[in-house]
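Handing you this structure, nothing more for now.
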Amino acid sequence: MALIEIENLSVTFTAKGRPVRAVKGVSLAVEQGESYGLVGESGSGKSTILRAICGLAPVSGGTIRIGGQPLPSPRGADFSRRVQMVFQDPYASLHPRHTIDRTLSEPLAIHGIGNTDQRVTQALKDVGLPPNFRFRFPHQLSGGQRQRVAIARALMLEPSILLLDEPTSALDASVQAETLNLLNRLCAERGLTFLMVSHDLAVIDHMCDRILVMQHGQAVEELPREALAKAEMKTDYARSLFAASADRMLDA
Amino acid sequence: MTLLSVENLRVTFDTEAGVVEAVRGVSFSLGRERLGIVGESGSGKTQTGRSVLRLIRPPGRIEADRMNFDGIDLIKASERDMRALRGPRIAMVMQDPKYSLNPVMRVGQQLMEGLRRRDGMGKKEAHAKAIEALAAVQIRDPERVMDAWPHELSGGMGQRVMIAMMLIPNPDLLIADEPTSALDVTVQAEVLSILDNLVRTRGMGLIFISHDLRLVSRFCDRVLVMFKGKVVEELPARDLMKAQHPYTQGLLNCLPRIGGPREPLPALDRNADWAR
Ligand SMILES: Nc1ncnc2c1ncn2[C@@H]1O[C@H](COP(=O)(O)OP(=O)(O)O)[C@@H](O)[C@H]1O
Ligand SMILES: Nc1ncnc2c1ncn2[C@@H]1O[C@H](COP(=O)(O)OP(=O)(O)O)[C@@H](O)[C@H]1O
Ligand SMILES: [Mg+2]
Ligand SMILES: [Mg+2]
């Protein structure tokens, strides 16, 4: 049994009284400890799938199961201890007037977990930030440092699943490298399962074991990592996505 | 023909913590071509771009030995002259559409506003122009987008709307600050080909600011590589992958590659001699 099972998922928003079918019958399964990537053009429904898992999108059909269990609505405390999300823009996702200390200790307080001091210090250490950063505000950190804080916050409740939505797209090449290395290290140390969205096929290739290509809310093709580098895709759309990434190949 | 020339540009912020030298003596010139500016965040790319429009607010200060656009001295120009230049002659697409689009105005209204006020166009004509501009940036459902509020757009959509809006008055110079950073590769390629087409057919100059070295090398004619407020290397864009400066090389080495090893990615050595 896969850890995350999505079957025939559909999400329909209503905008100006008209339905917008953002996700149309997508199925995917992510094994425990696996890194699974979602790629596809913007508007293809990638973020919506992650948000649907978190109970933040109007699901109009299909099922989502984690560890074999259907998810309750609202998701509840149990869910946030197992699944956490990291967004593209760490500035928008951190409260501007809360210190890093408050940002990191809040999930603990909500879930009645003690030993706050030690856990916050350890969390900063785990993501490679100095302990005195506790007393800073988001605007006093660089983009890469803010994304580290966002990752630290996601890890406070020791979840087993991280949903990563373009986690390095706002970052420089050098900071992206540090952040990807950090995620891979944490994944190995804690046996985390990743479901990750990126528009950069090289990032997905570096991080993920399997890849789902999406277009217009639909799953177009699923590929194992090896098939990507060998250009063994079956659909024209996946091939065009790959062709547009020619400069991201190893020997480009 | 030179459209813009900048000599020894300096941007300084007097802050409580001391003087921040955001741009330290940058020089470049630009014809009707695509000039890329790359470098990590904080290297001074945005401040350089904004200086051309004199959009640096106090406590920031701009100084330059020379800053000339199509015969106009941008240092001496009055604030009124600058306002007349901004938009119709020099347009800027900002890094984040969230901060450039008016959150309480529907997209269509924002697109039509300038056409109606500046160009005195009728409602119907302005509507058609706006739809045309949205179609030009490959928005599939322009009528729906016209009706949308900015917060209803995905990041990529917002960015395309911004570009459409900036291009409506047909400027001579477009400064695009990370215009495609939120877009996936296929849409990015589409948007870039739109920009490319405009540079060619309208004879527009383009300053393309990005932290994505690969994108800049594919898309621009010439590239400035900035580090800590200075240009460390200037080279033809097609040679970017063969850059000589260790900073540029370091940035290239940090990038993951399709089919590359699963080892940790190399980090940039910030303690090397060149970084001091
Ligand atoms: N809150 C919303 N209301 C209406 N439409 C939405 C909303 N959120 C997303 N959409 C639409 O759903 C589609 C998929 O969006 P999204 O999942 O954000 O795409 P991606 O992450 O692949 O870029 C888009 O057409 C988008 O406009
Ligand atoms: N209002 C300000 N006060 C002080 N320093 C500033 C201000 N705005 C920008 N800076 C500094 O100017 C430098 C260059 O910034 P910027 O041009 O935005 O870099 P880039 O666009 O390359 O990321 C940075 O070190 C930044 O901290
Ligand atoms: Mg998205
Ligand atoms: Mg910038």
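The values are calculated or read from the model by the stated rules, or taken from the named source; none is laboratory data. Computed from a prediction, not measured in an experiment: that's the story for all the values here. All Cβ positions, glycine included, derive from the backbone under ideal geometry; neighbour counts span all protein chains shown. Protein only, heavy atoms only, side chains kept; ligands, DNA and RNA dropped before computing areas. Shrake-Rupley method; radii C 1.70, N 1.55, O 1.52, S 1.80 Å.
Quick check on my filter: what residues within the stretch B:22-41 are part of a strand (DSSP E or B) and surrounded by fewer than 19 Cβ atoms within 10 Å (Cβ to Cβ)?
Across the stretch B:22-41, the qualifying residues are B:R24, B:G25, B:S27, B:F28, B:S29.
Can you tell me which residue is modelled with the lowest pLDDT among those in the stretch B:178-188 that are assigned to a helix (DSSP H, G or I) and not aliphatic (A, V, I, L, M)?
Checked the stretch B:178-188; the qualifying residue modelled with the lowest pLDDT is B:T186.
In the stretch B:223-251, how many are open to solvent by less than 10 Å² (accessible area, probe 1.4 Å) and hydrophobic (A, V, I, L, M, F, W, C)?
8
Give me the residue from the stretch B:258-276 that is part of a helix (DSSP H, G or I) and in contact (Cβ under 8 Å) with a residue 24 or more places away in the chain and, out of that set, farthest from the other protein chains (Cβ to nearest Cβ).
B:W274
Got a sec? Which strands (runs of 3 or more DSSP E) wholly within the stretch B:189-257 have at least 3 residues that are away from ligand 4 (no atom under 16 Å from the Cβ)?
Of the strands (runs of 3 or more DSSP E) lying wholly inside the stretch B:189-257, those with at least 3 residues that are away from ligand 4 (no atom under 16 Å from the Cβ) span B:230-236.
Just checking, does the stretch A:186-194 include any residue being crowded, with 19+ Cβ neighbours inside 10 Å and facing another protein chain (nearest Cβ under 8 Å)?
No, there is no match, as no residue in the stretch A:186-194 is crowded, with 19+ Cβ neighbours inside 10 Å and facing another protein chain (nearest Cβ under 8 Å).
Testing A:V83 on (1) within 30 Å of A:A243 (Cα to Cα); (2) more than 16 Å from ligand 3 (Cβ to nearest atom), one condition comes back false. Which one is that?
Of the numbered conditions (1) within 30 Å of A:A243 (Cα to Cα); (2) more than 16 Å from ligand 3 (Cβ to nearest atom), the odd one out for A:V83 is (1).
Across the stretch B:34-63, what is the total count of residues that are more than 10 Å from ligand 4 (Cβ to nearest atom), under 19 Å from B:E7 (Cα atoms) and among the basic types (K, R)?
So the answer is 3.
Restricting to the stretch B:3-21, what's the tally of residues that are touching a Ser or Thr at 6+ places or on another chain (Cβ under 7 Å) and either of a type outside the set (V, I, T) or in a loop (DSSP other than H, G, I, E, B) (or both)?
Count: 6.
Right, another one. Kindly provide the set of residues from the stretch A:148-184 that are hydroxyl-bearing (S, T, Y), in contact with a Ser or Thr (Cβ under 9 Å, 6 or more places away or on another chain) and open to solvent by less than 10 Å² (accessible area, probe 1.4 Å), ordered by number.
Passing the criteria: A:T168, A:T179.
Pick from the stretch B:137-173 the residues that are open to solvent by 50 Å² or more (accessible area, probe 1.4 Å) and outside any loop (DSSP other than H, G, I, E, B): which of them is nearest to ligand 1 (Cβ to nearest atom)?
That would be B:E152.
Right, something else. Tell me, which residue of the stretch A:33-56 that is more than 13 Å from chain B (Cβ to nearest Cβ) and under 12 Å from A:S10 (Cα atoms) is nearest to ligand 4 (Cβ to nearest atom)?
Applying the filter and picking the extreme gives A:I49.
Let me ask something else. Quick check: is even one residue across the stretch B:22-45 within 14 Å of another protein chain (Cβ to nearest Cβ), within 11 Å of ligand 2 (Cβ to nearest atom) and among the polar types (S, T, N, Q)?
yes
Next question, about the same structure. Could you list, in sequence order, all residues of the stretch A:224-242 that are more than 14 Å from A:H206 (Cα to Cα) and not in a loop (DSSP other than H, G, I, E, B)?
Result: A:D236, A:Y237, A:A238, A:R239, A:S240, A:L241, A:F242.
So, one more: Might you let me know whether the stretch B:66-77 holds any residue that is among the β-branched types (V, I, T) and out of contact with any helix residue (DSSP H, G or I) (no Cβ under 9 Å at 6 or more places or on another chain)?
There is at least one residue in the stretch B:66-77 that is among the β-branched types (V, I, T) and out of contact with any helix residue (DSSP H, G or I) (no Cβ under 9 Å at 6 or more places or on another chain).
Considering only the stretch A:10-32, how many residues are more than 24 Å from A:D236 (Cβ to Cβ) and either within 16 Å of ligand 4 (Cβ to nearest atom) or surrounded by 20 or more Cβ atoms within 10 Å (Cβ to Cβ) (or both)?
Final tally of qualifying residues: 2.
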